Amino acid sequence: MLLVLSATSCGEWLNLSPEDGVTREDFWQSKEQVESAVIGIYCEMMNTECVNRMFLWGELRADMVIDGTKPNAAYTAIRSGEIASDNVVCKWSDFYSVINNCNLVLEYADQAVELDASYSQQEADLFKAEAKALRAMMYFYLTRSFGDVPMVLEASVSDDQDYHIAKTSQDSILDQIIFDLTEAERVMETNNPAYNMEFPKGRMTVWAVKALLADAYLWKGNYDAAIQRCDAIINSEEFVLISVPRTALPGVENLYFSDVTAIDLMFNKVWATGNSEESIFELNFDETKTNGFYNLFASARNVLVANVDYIEGNYFPLYELDESVYDVRSNGYSYQGTIIWKYMALTRQGTARTSQQSYANWIFYRYPEILLMKAEALIQKGTQADLQAAYALIMQVRSRANALESDETDFSGIINADELEQFLLDERARELMFEGKRWYDVLRFARRNNYAKIDYLMDLALNSAPTGKQQSLQSKYGDHRSHYWPIHDDELKSNQSLVQNTFYETSTTIKK
């Protein structure tokens, strides 16, 4: 049995390469080999199909991207609400490959402790904590996208194993995610709170674990626990909002010019270079390992583009008296014309990347999202003190971005929780635009309290579907089962214990 791990370079910080062609019995013999296997997990995550799905699953059904002039038929079908079980976007095999690499580390990381005098059990436990956190992240993507999914907690190492595994409920998957993350958090804090801080952005640290854990708690509705993790990150002083100084517009209240040089610097730090002081966790691509986004977003490909008319009409109001007053995240930052600029620019005001330069990092969590996650949890708690605190957190993010206020954003008196929740959801759209968050955000807000806010999804259908498809998509969203992807036909064929998600069952669905 060969240990299958990618040997591709995975970023400048990766100085250990997994070994191909080594038998499993001979591989787990030293600390270096175990760490090499851990790095193999990141290499697997950085495969183009895996990273593309992180984007597509979070954005394709939402309202921030639309078809370009050279559309992909599979993407067009999804945007129209015509999601079939043979659509390639619904394949999950790359995520389970990452999960299996995590399970390999969990199963074999201890093996070298008795063989390598320089390798301690404490270090083995840290490697396993890292693998548990990465496995939790993969399951977090899967369960938010498909609902119930197979939960595999053992490594695939033998042909004798039973690979026909039935689905586990979404609630149980989320419980396992939280269990694994709290265990990883405990081990890192106990054994070495500075674990991986030599790679503070590109590998799992205790802060990345806490960010993911806060996110999972929001999905479970445990708002006190989410606040606790957000507070730990905020109080750590390890992360900051990159400063963008502002100058008041003379004679006009609450309107400002932002420093253009500072905007350029922020873009270059966060997106062009990556690993900025506000980043918590991101995949580190480089010239030898590109992200594959060129084929999605480049003007030469024109497959997916920014939904500019909708975005500017709803999220970035203009101050018509002076074009120098604007939200810094708007045109020229998140997008440039219709190009999704966060991934396509080497500098904010420079030219677009070539295919060889398509190595913008994929960011899982940034510090402003921590502020917004805490605000979300506070809004759900619902006292006026909580709502005031939530509003203050949102305004930290908006002030840095020089967001323009409208007549509808006055929260100076008694705050209405529903109005502030909508305000927060809109702010997440502005701050995290094109970062693979939008569909998950709208779904999370809509599904609370037995889908008390289903209107969030209904509004999304009106703003995301092509002309003529809005009403049919709204009708589908009225059925809660439609909010998750179908299981791809290939998975149903290879795993006879799987059954199709019920919304997509047909007379020809493959079943056991």
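Sort out for me the Cα centre separation of the range 51-105 from the range 352-378, rounded to whole Å.
Distance between centres, Cα-based: 19 Å.
May I ask you to sort Val252, Val65 by Cβ crowding, counting other Cβ atoms within 10 Å and putting the fewest first?
Sorted ascending by nearby Cβ count, the order is Val252, Val65.
If you look at just the Cα atoms of the range 172-215, how large are its Rg and its Dmax in Å?
When restricted to Cα atoms, the range 172-215 yields Rg and Dmax of 10.6, 34 Å.
Does the range 203-436 classify as rounded, prolate or oblate by the C-alpha gyration tensor (a ≥ b ≥ c root eigenvalues; a/c under 1.5 gives rounded; else a/b over b/c gives prolate, otherwise oblate)?
oblate
Go through 200-209, 80-89 and give me the packing order, highest mean Cβ count within 10 Å leading.
Ranking, from highest mean packing down: 200-209, 80-89.
Just from its helices, what would the mean residue ellipticity at 222 nm be for the chain, if runs of 4 or more DSSP H residues each count -39500 (n - 2.57) and the sum is divided by every residue, rounded to the nearest 500 deg cm²/dmol?
-14500 deg cm²/dmol
Helix 93-108 against the longest principal axis of the chain: what's the angle in degrees, Cα atoms only, rounded to the nearest 10?
For helix 93-108, the angle is close to 50 degrees.
Can you put Met197, Met373, Met151 in order of Cβ neighbours within 10 angstrom, beginning with the fewest?
Listing Met197, Met373, Met151 from fewest to most nearby Cβ atoms yields Met197, Met151, Met373.
What is the calculated FRET efficiency for Asp171 to Thr383, with r their C-beta to C-beta distance and R₀ = 35 Å, to the nearest 0.05?
0.80
How high is the FRET efficiency between Asp490 and Ala73 when r is their beta carbon distance and R₀ equals 25 Å, given to the nearest 0.05?
About 0.90, to the nearest 0.05.
Go through 66-78, 30-42, 378-390 and give me the packing order, highest mean Cβ count within 10 Å leading.
Put in order of decreasing packing, that is 30-42, 378-390, 66-78.
If you line up the long axis of helix 223-236 against the longest principal axis of the chain, both from Cα atoms, how many degrees apart are they, to the nearest 10?
90
Can you grab the distance from the C-alpha centre of the range 180-244 to the C-alpha centre of the range 298-328, Å, no decimals?
If we compute the Cα centre of each part, the gap is 33 Å.
Report the extension gain between Asp309 and Asp86 in nm, rounded to one decimal, defined as 0.36 nm multiplied by the number of residues separating them, less their alpha carbon distance.
Length gained between Asp309 and Asp86: 77.1 nm.
Taking the Cα-to-Cβ direction at Ile454 and at Asp322 and moving 7 Å from each Cα, how far apart do the two end points lie in nm?
Label-label distance for Ile454 and Asp322, simple model: 4.7 nm.
In degrees between 0 and 90, to the nearest 10, how far off the longest principal axis of the chain does helix 367-381 point, with axes built from Cα atoms?
Here the helix axis deviates by roughly 80 degrees.
Between Arg481 and Arg301, with labels modelled 7 Å along Cα→Cβ, what's the label distance in nm to one decimal, could you check?
For the pair Arg481/Arg301, the computed spacing is 3.5 nm.
Find out how many positive minus negative residues lie around Phe434, taking Lys and Arg as positive, Asp and Glu as negative, among other residues whose Cβ is under 12 Å from that of Phe434.
Charge balance near Phe434 sits at +1.
Taking loop as defined by DSSP and a crowding limit of 13 other beta carbons within 10 Å, which GluC sites (Glu not before Pro) in the range 304-386 fit?
Here the GluC sites (Glu not before Pro) that fit, given the DSSP loop and packing criteria, are Glu320, Glu323.
Fewest to most neighbouring Cβ within 10 Å: what's the order for Arg348, Arg448?
If I rank by nearby Cβ atoms, fewest first, I get Arg448, Arg348.
Would you please give the FRET efficiency between Asp418 and Thr288, computed as 1/(1 + (r/R0)^6) with r the Cβ-Cβ distance and R0 = 45 Å, to the nearest 0.05?
My answer for the efficiency is 0.35.
Amide H neighbours of Lys167 under 5 Å, counting only residues 5+ apart in sequence or on other chains, H built in-plane at 1.01 Å?
Under 5 Å from the amide H of Lys167 lie the amide H atoms of Val499, each far enough along the sequence or on another chain.
Read-outs: derived from the displayed coordinates by stated rules, not from any lab. Because the structure is a prediction, the values reported are computed rather than measured. As a convention, Cβ positions derive from the backbone with ideal geometry for all residues, glycine included, and neighbour counts pool all protein chains shown.
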